[in-house]
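Have a look at the structure below, then the notes.
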Amino acid sequence: MARVPKTASESPLRALPSVDQVIRTERAQQLGALVGLAKLTALARNVTENMRAQLNESSGASELLDRETLLDEATKRLEQTCQQELERGLRRVINATGVVLHTNLGRAPLSESARQALVSEASGYCTLEYDSTTGARGRRGARVEQLLRDLTGAEDALVVNNCAAASLLILTVLANSGETIVSRGELVEIGGDFRVPDVMASSGTRMVEVGTTNRTTLEDYTRAINSETRLLMRVHPSNYRVIGFTSAPSLSDLSNLAHQSNLLFYLDAGSGALLDLSDLGLGDEPIIANCIAEGVDIVSFSGDKLLGATQAGLMVGRTEFVWKLRKHPFYRALRVDKLCYAALEATLAAYARGTARSEVPTLSFLSASADELTFRASRLADQVRASGSKVEIDIVAGNSAVGGGSGPNVHPETTLLALTHAAYSASEIEQKLRSSNPPIISRIEDDRVLLDLRTTIPSEETEIASALSRHFS
Ligand SMILES: *Cc1c(COP(=O)(O)O)cnc(C)c1O
């Protein structure tokens with residue numbers, strides 16, 4: 001039997017377990033199998049050092065702290081820190097915020113066929129640069145480029161890591177050591193450090209600003225053209241709008257001006273609508289095929305905004321210029337991997353089949369009507385009430401958001417579950433939901449926790465119902 005010293009005379013510090021004793025407990029050995037021995041030892045050292053510091057501070061209350069209690073406490077703390085370490089990785093979450101393109105939650109959720117393609121086609125060996133019909137080497141991304149050509153009417157297409165990379169590549173290859181003309185109304189910051197003037201500066205092109213914040217005319221562009229000019233650039237002001245007394249030349253006016261002056265016209269379109277989304281209130285998102293039809297030479301757009309695939313920078317435009325981009329050493333540095341191509345290919349294929357609106361979650365989530373959301377919210381509330389959960393649920397009208405720097409003034413009508421509890425504050429409810437596995441992400445307004453089912457799927461609604469029963473039974 002281990003001696004259990006209960007007297008204050010033995011220093012509690014001497015009863016403190018060593019790092020070695022902590023990591024030899026059965027529980028610590030199990031945790032070690034998850035995080036590795038080196039990490040386990042480092043975490044156990046932190047735990048014992050913290051406990052030593054605490055014991056030093058509170059020397060009076062030490063009589064009850066025997067060896068066994070301290071070892072138990074150390075093991076418990078070690079378990080907690082290991083758990084935190086493991087939870088810091090990428091985890092699935094349930095997005096009940098109603099923000100469809102939630103940048104912190106990974107922007108676009110992938111379609112079923114994209115998920116399937118990632119797992120079944122691309123996660124092992126695959127035909128990334130191999131033609132299985134001839135046995136010869138194939139070109140990376142050939143099918144995605146074909147789909148992009150088909151969907152936009154452009155002569156050629158190319159894919160890099162994100163839209164910021166696409167801008168950098170285009171400006172570097174097509175305007176480096178010359179001037180690029182851009183309207184003062186389009187010198188935007190997109191968030192995550194993408195600022196048009198900074199991208200221009202790092203690509204080596206000299207930015208020439210024309211016009212004013214709210215009004216820029218074709219004349220402004222014409223006057224700025226000289227022998228150093230390489231590019232006219234337009235940037236879609238994705239995440240804000242200037243309203244009121246505004247004007248800007250049309251895409252075709254700018255194309256014509258560029259071509260009359262032997263220059264290129266580049267459009268950074270941001271979100272990349274491949275369809276007309278005006279019924280969703282997104283009528284001012286440039287439709288890529290229209291931009292090409294209006295004579296834009298190169299258009300860049302994001303893969304993981306409205307388009308609804310993975311992070312990628314998609315470029316479409318005239319063959320001559322796309323080939324220059326493809327042959328530049330930067331392209332090799334910015335190109336994407338097989339997983340990205342798999343998800344893009346499956347997503348673009350849904351657009352080509354004409355089923356994107358029902359298959360691609362960004363579009364189907366935005367299309368859900370307030371009536372449908374009322375039905376789903378009520379069904380979930382009934383389920384939770386039937387379980388005997390003590391959380392109070394009100395069904396209230398509200399608004400969702402597009403997010404991700406798209407449609408800043410589009411707030412689709414939705415139906416929310418508003419949660420309150422006699423014993424818990426809104427932030428306690430929010431925290432309990434967030435600590436579920438998977439975490440359920442909600443928002444708080446007016447001391448209530450709000451759940452918006454626009455951004456969830458039925459199986460997640462079942463998970464939310466069971467979390468609400470479990471946490472508040
Ligand atoms: C979002 C956006 C970008 C950056 O796109 P990423 O894919 O996030 O790099 C660039 N330009 C515009 C106009 C955008 O809306």
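The values are calculated or read from the model by the stated rules, or taken from the named source; none is laboratory data. Note that the coordinates shown come from a computational prediction; the quantities given were computed from them, not determined experimentally. Here the Cβ positions follow ideal geometry from the backbone for every residue, glycine too, while neighbour counts run over all protein chains shown. All accessible areas refer to the heavy atoms of the entire protein, side chains included, with ligands and DNA or RNA removed. Shrake-Rupley method; radii C 1.70, N 1.55, O 1.52, S 1.80 Å.
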Out of SER278, SER238, I need the residue that is loosely packed, with under 15 Cβ neighbours inside 10 Å and among the hydroxyl-bearing types (Ser, Thr, Tyr). Which one? SER278
Total residues in segment 308-332, condition open to solvent by 10 Å² or more (accessible area, probe 1.4 Å) and within 11 Å of the ligand (Cβ to nearest atom): 2
Long-range neighbours under 9 Å by Cβ, at least six apart or interchain, first residue without any contact (Cβ under 8 Å) to a residue 24 or more places away in the chain within segment 386-412, second in a loop (DSSP other than H, G, I, E, B) and open to solvent by 20 Å² or more (accessible area, probe 1.4 Å): HIS411/GLY281
For segment 391-442, what are the residues that are within 16 Å of the ligand (Cβ to nearest atom) and within 18 Å of the chain's Cα centre (by Cα)? ALA401, VAL402, GLY403, GLY404, GLY405, SER406, GLY407, PRO408
Of the residues that make up segment 149-171, is at least one more than 16 Å from the ligand (Cβ to nearest atom), in contact with a Phe, Trp or Tyr (Cβ under 8 Å, 6 or more places away or on another chain), within 21 Å of ASN226 (Cβ to Cβ) and of a type outside the set (Asp, Glu)? no
Among (1) among the basic types (Lys, Arg); (2) in contact (Cβ under 8 Å) with a residue 12 or more places away in the chain; (3) more than 16 Å from the ligand (Cβ to nearest atom), which single condition is LYS305 missing? (3)
Kindly provide the set of residues from segment 248-280 that are away from the ligand (no atom under 14 Å from the Cβ) and within 22 Å of the chain's Cα centre (by Cα), ordered by number. LEU274, LEU275, LEU277, LEU280
Does GLY89 fit the bill of being free of Cβ contacts under 8 Å to residues at least 24 places away in the same chain and either open to solvent by less than 60 Å² (accessible area, probe 1.4 Å) or in contact with a Gly (Cβ under 8 Å, 6 or more places away or on another chain) (or both)? yes
Looking at LEU101 and the list (1) within 16 Å of the ligand (Cβ to nearest atom); (2) free of Cβ contacts under 8 Å to residues at least 40 places away in the same chain, which single condition is not satisfied? (2)
Could you say which residue among SER227, SER202, SER183 is surrounded by fewer than 14 Cβ atoms within 10 Å (Cβ to Cβ), of a type in the set (Ser, Thr, Tyr) and more than 16 Å from ALA165 (Cβ to Cβ)? SER227
Would you check if there is a residue in segment 390-412 being of a type in the set (S, T, N, Q), within 30 Å of PRO286 (Cα to Cα), open to solvent by 10 Å² or more (accessible area, probe 1.4 Å) and outside any loop (DSSP other than H, G, I, E, B)? yes
